[in-house]
Ligand SMILES: C[S@@+](CC[C@H](N)C(=O)[O-])C[C@H]1O[C@@H](n2cnc3c(N)ncnc32)[C@H](O)[C@@H]1O
């Protein structure tokens with residue numbers, strides 16, 4: 001059965017999810033259809049519904065394009081030129097361009113939100129589904145649409161008149177998750193309180209996807225959950241527990257919930273039940289634990305720092321470390337585990353390593369010590385912009401260490417473009433600045 005790339009798309013889980021849906025009914029509504037991955041699976045498995053309804057505020061033109069031109073789509077090999085051509089053509093509603101969008105754009109996230117698949121365009125095969133595989137998928141989608149004749153709408157879910165549906169109807173919901181990190185859409189358009197309220201009062205049967213989140217706690221315990229890793233924005237993976245809720249009894253063949261899941265659920269329910277004062281006190285108590293744990297980690301960080309930052313001849317200290325590994329790269333490699341607390345570590349290390357002592361001295365007037373850049377990169381575009389502004393003003397007032405500051409600016413600019421999904425612009429800058437790779441090495 002066809003799978004269409006889309007951020008947050010349920011292609012990989014579609015088989016499991018569909019196995020929990022009622023096998024027959026009057027109307028099947030995919031309320032937040034995205035690129036239709038649940039519908040394709042349900043229709044392929046031959047679920048027996050009289051009417052099918054695909055709704056999504058932003059992707060309906062994809063379904064219209066499949067219906068009108070899916071059968072004759074010829075999929076070209078990926079290239080940046082092809083991407084640019086189709087991106088341009090999509091503006092005037094060209095059907096081929098619309099059909100190729102999930103194939104040519106990063107993670108299927110769209111020509112204007114996600115950029116070109118393969119990022120810099122330097123990867124040999126650009127990754128992802130092959131041209132022939134995608135062509136086959138679109139042709140199958142066309143056949144499924146012809147067979148099921150779904151109604152396609154682009155309405156806000158509140159405008160669908162769900163209250164008129166009955167227990168013969170089934171609604172599947174896969175809304176943008178709260179606090180998810182996806183550029184093609186966001187939770188802002190969902191209105192979670194109203195959605196949960198609607199589900200709690202619903203006469204129709206429903207199955208809903210989501211993560212464990214306070215907003216979804218009111219739905220009770222999910223009937224199914226699984227730990228997943230998902231790619232959100234370029235190169236960034238998030239680990240989450242994907243959950244399914246329903247308002248009817250679903251047989252799950254005794255599948256166990258992930259380890260620690262019930263603890264998480266209990267913590268969420270506990271947090272929701274606390275008064276403001278108790279919640280505040282609980283946060284203080286937990287923060288205390290975090291700080292204690294981070295302090296316990298500090299000696300190990302310092303040891304690693306002295307090993308990886310040992311001057312060239314001290315190979316004895318570096319023994320066992322991969323030859324190319326720098327401190328900065330090592331710290332970055334811990335980012336997925338530490339997340340935001342990486343900055344806390346940097347903060348804790350402040351003044352404890354030679355580099356950071358030098359950096360602090362540099363802040364004093366007329367200091368002449370060697371300039372050392374920050375160990376980590378800021379995490380949000382706003383933090384990057386703030387640091388860049390500070391650097392620019394420092395360079396205006398003080399010509400010392402101009403080269404290093406310029407290098408730091410370049411690194412920040414690249415990081416900014418990466419975070420905001422415009423790294424292609426970054427790669428243009430890179431090729432123009434032929435020694436930028438050298439800069440990066442010096443920075444380490
Ligand atoms: C997680 S995606 C759905 C992915 C889909 N299940 C798939 O596998 O391809 C969520 C979708 O909800 C849509 N959406 C966001 N707010 C909406 C709203 N108020 N009404 C209808 N659709 C909405 C977004 O455009 C997005 O395509």
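No lab work stands behind these numbers, since they all come straight from the coordinates. This is a predicted model, so every value here is computed, not measured. Glycine gets a Cβ as well: all are built from the backbone with ideal geometry, and neighbour counts include every protein chain shown.
Details
- Percent RCO, i.e. relative contact order, over the stretch 91-226, from Cα pairs under 8 Å lying at least 6 residues apart: 19 percent
- For the stretch 26-153, the relative contact order is 32 percent, taking Cα pairs closer than 8 Å that sit 6 or more residues apart in sequence and dividing their mean separation by the residue count.
- Separation of the stretch 130-158 and the stretch 10-77, taken as the distance between their Cα centroids, equals 6 angstrom.
- Fraction of beta bridges assigned by DSSP in the stretch 14-270 that are antiparallel (%, nearest 5): 45 percent
- Listed peptides 139-151, 6-18 appear in the order 6-18, 139-151 once ranked by packing, highest mean of other Cβ atoms within 10 Å at the front.
- For the stretch 14-270, relative contact order (Cα pairs under 8 Å, six or more residues apart, normalised by length) works out to 19 percent.
- Percent of Cα-Cα distances greater than 23 Å, calculated over the stretch 1-137: 34 percent
- Dividing the radius of gyration of the alpha carbons in the stretch 14-270 by their Kirkwood radius gives 0.97 for Rg/Rh.
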